[in-house]
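Bear in mind these aren't lab numbers, they're just calculated from the coordinates by the rules spelled out. From a predicted model like this one, the values you see are computed outputs, not experimental measurements. Cβ atoms come from the backbone with ideal geometry, glycine included; neighbour counts cover every protein chain shown.
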Amino acid sequence: MKNSEPVIHPGWLRAMHWINALAVVVMIMSGLQIYNATVFLGFAIPKSITLGGWLGGALLWHFAAMWVLGANGIVYLCMNLFTRRLAHKFFPLSPKAFFADALAALKGRLAHADPTQYNAVQRAAYLFVMLDIALLILSGLVLWKSVQFPLVRELLGGYEGARLVHFFAMAALSAFIVVHLVMVLLVPRTLVYMVRGR
Ligand code: HEM
């Protein structure tokens, strides 16, 4: 029997969203364990939210998940560009629309009538996280192979600069995830759409 409900998220997007979520969680948890080997910001991360057990184990997780994150991210970007989904779903976006929707959300008056459209706050948040993950990958490349990527290294303020950028971009991604999960809890049917597509 044919399903007449409109498709909100195509299959490729849902698969990529969940692969990305898994890769991001592995990257963050193993990254925190790697951070604990140097503690360059002066505080240690609780072991319970780290992955890998020790520096060597964490590096193995980090290097395995980075291929998944990178490959998935490139295909996601290509699919969004070639299908014109990027232009349709995330634009237009203006500061005026962003502040109007943010204000409406704070007052509890942001309508979710049309699930095929993202509001301006969602558009901004999703574009932000795409750029943030791109920055994480670029700064990660510098930390991994700093000699092979001299231009990116210098743009990010050298090896130590790239290290700080990598950490704070991770912190921003973690903050996004917390807000993202709260939003999903507030409007749980969006989770059904991201699982079933309809
Ligand atoms: C952990 C890292 C995660 C990242 C970086 C992330 C990122 C994103 C992005 C960029 C989108 C927009 C996708 C698009 O339309 O192209 C999205 C949508 C969505 N995500 Fe995530 N996500 C993450 C984890 C999760 C988790 C764990 C859940 C649920 C438990 C979740 C639930 C959803 C839902 C329901 C939507 C559609 C929301 C809507 O209609 O506004 N995400 N996510």
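Tabulated data for the structure shown
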item: Segment 80-126-segment 144-198 distance, computed between alpha-carbon centres (Å); result: 19
item: Normalised contact order of segment 1-80, rounded percent, pairs of Cα under 8 Å and 6 or more residues apart; result: 35
item: Degrees, to the nearest 10: 120-144 long Cα axis against longest axis of the chain; result: 20
item: Cα-centred dipole magnitude for segment 50-198, charges only on beta-carbon of K, R (+1) and D, E (-1), debye, nearest 20; result: 520
item: Mean ellipticity per residue at 222 nm, deg cm²/dmol - from DSSP H runs of n ≥ 4 across the chain, formula -39500 (n - 2.57); result: -24000 deg cm²/dmol
item: Per-bin percent of Cα-Cα distances, segment 101-197 [10 Å]; result: 14, 36, 24, 17, 9, 0
item: On Cα atoms only, tilt of 55-82 relative to the major axis of the chain in degrees; result: 40
item: Cα gyration tensor shape of the chain, rounded if a/c is under 1.5, else prolate or oblate by comparing a/b with b/c; result: prolate
item: Among 15, 51, 162 - extreme Cα towards positive end, dipole of the chain, charges at beta-carbon; result: 15
item: Shape category assigned to segment 93-157 from the gyration tensor of Cα positions, a/c cut at 1.5; result: prolate
item: Value of relative contact order over segment 1-137, rounded to a whole percent, pairs C-alpha under 8 Å and six or more apart; result: 21
item: Tensor-based shape of segment 35-106 (alpha-carbon gyration tensor, a/c under 1.5 rounded, otherwise prolate or oblate); result: oblate
item: Counted charge near residue 124, where neighbours are those whose Cβ lies closer than 14 Å (Asp, Glu -1; Lys, Arg +1); result: +1
item: Within-14-Å neighbourhood charge of residue 78 [Cβ basis; K, R +1; D, E -1]; result: +2
